[in-house]
Amino acid sequence: MKLYHSSSSPFVRKVMVAAHELGLVTRIELVPSAAHPVNRDTALVAANPLGKVPALVADDGVVLYDSRVICEYLDREGGGALFPAAGALRWQVLRDQALGDGVLDAAVLARYEAAVRPEPYRWQAWSDGQGAKITSCLAVIESEADRYGERVDIGTITIGCALGYLDFRFADLGWRDAHPHAAAWFARLSARPSMRATAPPAAAPTPSVTSGPSASTAAR
């Protein structure tokens, strides 16, 4: 298998954590890709017309995207249980995955607004709106973190990658201060070998996204 890859992408990290947990990482060849919302990587676009990572080329040549589809494919390929087959737990896990993906979608959009869009065209209300999404999702994660327990599934993996991305790109958000239960759970998850092996490289973070009309420095 080949994975179009960027070490800074939280969606790629999600796939790689799953691959580590499933014992499949040695079967995956990483193909470095320069995913960008404007300057599109032609080699990546040839595999994924959206020009986004991750994209997985399976052994039979079929190309899969996005991270949700790839992770489910890997789970089937590795005979894992990251996706419960049925029952109430399945819907909870899938909902948790959607919650984590929602944090990531908002954070990546805020990152693009600050790091890609030329400064004269930046829209503060847009950045504030993305910050508000992150804030409301963090409140839900805080309220539910104690029930995550020792679960390792696509829901908790995605939420963990979302919190890790906030640390990576928005360190001054200081999300732990108001979310001690989420912070304690994340510390336990982060100790897993799969999370340590996939930690993003050190990089200068984007100033914090925050919500509200006074957030004059959000995502700048």
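Of Ala115, Ala98, Ala125, all but one fail to be open to solvent by 10 Å² or more (accessible area, probe 1.4 Å) and modelled with pLDDT under 95; the exception is Ala115. Only one of Leu99, Leu138 is in contact (Cβ under 8 Å) with a residue 60 or more places away in the chain, under 18 Å from Ala182 (Cα atoms) and either in a helix (DSSP H, G or I) or not polar (S, T, N, Q) (or both); which? Answer to the check: Leu99. Check segment 2-9 and report whether any residue there is at negative phi, open to solvent by less than 20 Å² (accessible area, probe 1.4 Å) and part of a loop (DSSP other than H, G, I, E, B). The answer is yes, given that some residue of segment 2-9 is at negative phi, open to solvent by less than 20 Å² (accessible area, probe 1.4 Å) and part of a loop (DSSP other than H, G, I, E, B). Being in contact with a helix residue (DSSP H, G or I) (Cβ under 7 Å, 6 or more places away or on another chain) and over 30 Å from Asp172 (Cβ atoms) holds for only one residue in Ile141, Ile70, Ile134, and it is Ile70. One residue alone among Ala34, Ala55, Ala46, Ala85 is more than 16 Å from Thr158 (Cβ to Cβ) and in contact with a strand residue (DSSP E or B) (Cβ under 6 Å, 6 or more places away or on another chain), and that residue is Ala55.
Please determine whether any residue of segment 194-202 is touching a residue at least 12 places away in the same chain (Cβ under 8 Å), open to solvent by 50 Å² or more (accessible area, probe 1.4 Å) and in contact with an Asp or Glu (Cβ under 9 Å, 6 or more places away or on another chain).
Our first condition is that a residue be touching a residue at least 12 places away in the same chain (Cβ under 8 Å); within segment 194-202, this holds for 194-195, 197-201.
Narrowing further to those that are open to solvent by 50 Å² or more (accessible area, probe 1.4 Å): 197, 199, 201.
Those left that are additionally in contact with an Asp or Glu (Cβ under 9 Å, 6 or more places away or on another chain): none.
No: segment 194-202 contains no residue that is touching a residue at least 12 places away in the same chain (Cβ under 8 Å), open to solvent by 50 Å² or more (accessible area, probe 1.4 Å) and in contact with an Asp or Glu (Cβ under 9 Å, 6 or more places away or on another chain).
Filter segment 14-46 down to residues that are touching a Ser or Thr at 6+ places or on another chain (Cβ under 8 Å), open to solvent by 30 Å² or more (accessible area, probe 1.4 Å) and part of a helix (DSSP H, G or I) and give me whichever is nearest to Val116 (Cα to Cα). Here the residue is Ala43.
The values are calculated or read from the model by the stated rules, or taken from the named source; none is laboratory data. All values reported here derive from a predicted model rather than from experimental measurement. We place every Cβ from the backbone using ideal geometry, glycine too, and count neighbours over all the protein chains shown. Remember, those area values only see protein heavy atoms, side chains included, never the ligands or the DNA or RNA. Shrake-Rupley method; radii C 1.70, N 1.55, O 1.52, S 1.80 Å.
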